[in-house]
Each structure stands twice: as C-alpha cells, then as structure tokens.
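First comes the structure, then the notes that go with it.
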Amino acid sequence: MAQHCPDCGFANADGANYCQRCGAFMRVSESQAADSTASYRIAETGEIEGAAADSASERSAMLVIRAGGGRAGEAFPLERTRLTVGRRPDSDIFLDDVTVSRDHAVVVKRGEHYYLDDCGSLNGTYVNRRRIDSQRLNDGDELQIGKYKLAFLGR
C-alpha cells in the first residue's frame, strides 16, 4: 500500500518518513504510531533485559538533518533554552558549508514552544519554504539553513 506525500502527492513506500520526490516529512499514521522501537540493555548478570526509553533525546524536541553535507539522519536534541546554528566551529549546531553564515540562526525556547530566529544571515533562514525572521516551530516543520534541510520534531 502506498503512502501519499501531503505536499506533492507522490506515492511513497508504506512506512516512509520522508517523501522520495520532494523530501517532505510524512506524518505518521495512527496504525504506525502504535509501533515502537524496543530498547534493551545488558544487565549486571550479562542477561539482555528491556530498558526504559528515558534518554534525554527521546524526551526532548530535536532537529534532524534530512539532507545536506552528507549528514542525513544526524540529530540534535534541544535540551537547552538557546542553541546557536551556524558555520562557526563552536556553534551548538555546526553546519560546515559556505551557504551557511557563521552566526546564521538561533533556536530559542520561549515558554513551552521553540522558535527559530534568523541572525541576519546572507542566504536567509526558511521554515516550510518561507523565509523568516522569527518563527514558532511546530512538529514536522521543515527548516532550511543554507544547503541543509532539517526537520523539527516536537516531543
């Protein structure tokens, strides 16, 4: 059974997370939401036992690189109230490409919501293909910073 992209309508394989044609985030259907990944750990006795999914990355919102720089799938948990994004090596989210400004953008938590603020970048910051100065992020939003495409996953 094919899963159709909400943006372009392309028929993707069932269970796809992103559209093969346009790269849009594919919302998880209710039947897929019931499936989950099991976590295991090795106990002191050497036996394998189930582990509670309580890591910070599974509890917090995150940004995931979808495309760009050969880093697809790399995730950045949003565990602090402010994270810098840019080409500067000491940025919290370092995106090494000339299309990204040194101090390109910042992700800020205001109350219960995360916002993406552009820091006067040359090439601009985009959310869902629209250039923004400041934008509240919602689950599944597509961010573009330089040549990098990222997905915001709210938890």
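The values are calculated or read from the model by the stated rules, or taken from the named source; none is laboratory data. In this text, all values refer to a predicted model and were calculated from it rather than measured experimentally. Ideal geometry is used to build each Cβ from the backbone, glycine not excepted, and the neighbour counts take in all protein chains shown. Surface areas here come from the heavy atoms of the whole protein model, side chains and all, with no ligands, DNA or RNA. Shrake-Rupley method; radii C 1.70, N 1.55, O 1.52, S 1.80 Å.
Structural remarks
- Residues whose amide H comes within less than 5 Å of that of Asn12, counting only those at least five positions distant or on another chain, are Gln3, His4, Cys5 (H built at 1.01 Å from N in the peptide plane).
- Once the convex hull of all Cα atoms in the range 52-150 is built, its volume per residue stands at 99 Å³.
- Net +/- balance of residues flanking Val100 in space, Cβ distance below 11 Å, scoring K and R +1, D and E -1: +1
- Each Lys or Arg adds one and each Asp or Glu subtracts one; over the other residues with Cβ under 13 Å from the Cβ of Gln135, this totals 0.
- Legend: calculated FRET efficiency, Asp117 to Asp14, from the Cβ-Cβ distance at R0 = 35 Å, rounded to 0.05, equals 0.40.
- Computed over neighbours whose Cβ is under 14 Å from that of Gly73, the net charge equals +2, Lys and Arg +1, Asp and Glu -1.
- By accessible area, using a 1.4 Å probe on protein heavy atoms only, the range 65-155 has 43% of its surface on carbon and sulfur.
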